[in-house]
Amino acid sequence: MQKTIERREVREEDNTEIRALMHAMLNGDTYTSLQAIGALGAMGAPTVGPLVRTLLAVDSDARWSVAMALARAGTDAVEPLVGVVLTADDEVKNPAIWALAEIGDQRAVEPLIGTLRNSQSECCRALTAAALLKLGDPAGIAEVEKTFEQSGEGFRGLSMEAFEGT
């Protein structure tokens, strides 16, 4: 029974630290925000749930900071980020797509292919094409090439600009 109490106390302390770091990430100056992003990413799995909830709730500028922290959290964030890609609006989906490309996990390929095929936003599709190119999976690259052929040189240019910027 004592171990359960100790675990709960550690978890509460972790939650307090996560909340403080998230506050610093969202409200601090650039240096403070970047330091908090790094610390949240280094904590890994315990930060993923709170970060994803924040990603879904904050404004556009803050979403990109949250996406940076999720990318640094690594593979623990892949499944929740895929969930965002499958269900959220494009303005929320875009930072999640970027984070998935940064993480580099192949579990993101199929959901990103679906997004490339189905998104109505050219910006979201271009960012998705860039992510698939970065992931380097043959199925993803084939889908990007097919999309380039169908969408023309303008879309290819936008996608390659996104790819080079990631």
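Among the numbered criteria (1) in contact (Cβ under 8 Å) with a residue 12 or more places away in the chain; (2) closer than 17 Å to Glu164 by Cα; (3) surrounded by fewer than 14 Cβ atoms within 10 Å (Cβ to Cβ), which one does Glu91 miss?
(2)
I'm checking my understanding of the structure. Among residues of region 45-103 that are acidic (Asp, Glu) and part of a helix (DSSP H, G or I), which one is farthest from Asn27 (Cα to Cα)?
Going through region 45-103, the residues acidic (Asp, Glu) turn out to be 59, 61, 76, 79, 89-91, 102.
Still in the list and also part of a helix (DSSP H, G or I): 61, 76, 79, 90-91, 102.
On the way: Asp61: 11, Asp76: 25, Glu79: 27, Asp90: 24, Glu91: 21, Glu102: 24 Å.
The residue in question is Glu79.
Pick out the one residue from Gly44, Gly104, Gly74 that is on the phi > 0 side of the Ramachandran plot and at pLDDT below 95.
Gly44
Being of a type in the set (A, V, I, L, M) and farther than 18 Å from Ala96 by Cα is the filter here, so list the residues in region 130-145 that pass it. Even if it seems obvious, please write down each step before you answer.
In the first step, residues of region 130-145 are kept if they are of a type in the set (A, V, I, L, M); the result is 130-133, 135, 139, 141-142, 144.
Those that are of a type in the set (A, V, I, L, M) and farther than 18 Å from Ala96 by Cα: Ala139, Ile141, Ala142, Val144.
Listed here are the residues, each with its yes/no results for (1) in contact with a helix residue (DSSP H, G or I) (Cβ under 6 Å, 6 or more places away or on another chain); (2) not aliphatic (A, V, I, L, M).
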residue: Leu26; (1), (2): yes, no
residue: Leu34; (1), (2): no, no
residue: Ala39; (1), (2): yes, no
residue: Arg63; (1), (2): yes, yes
residue: Leu70; (1), (2): yes, no
residue: Leu81; (1), (2): yes, no
residue: Asp89; (1), (2): no, yes
residue: Asn94; (1), (2): yes, yes
residue: Glu110; (1), (2): no, yes
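The values are calculated or read from the model by the stated rules, or taken from the named source; none is laboratory data. Just so it is clear, the model here is predicted, and its values are computed rather than measured. When we count neighbours, we look across all protein chains shown, and the Cβ atoms used for this are built from the backbone with ideal geometry, even at glycine.
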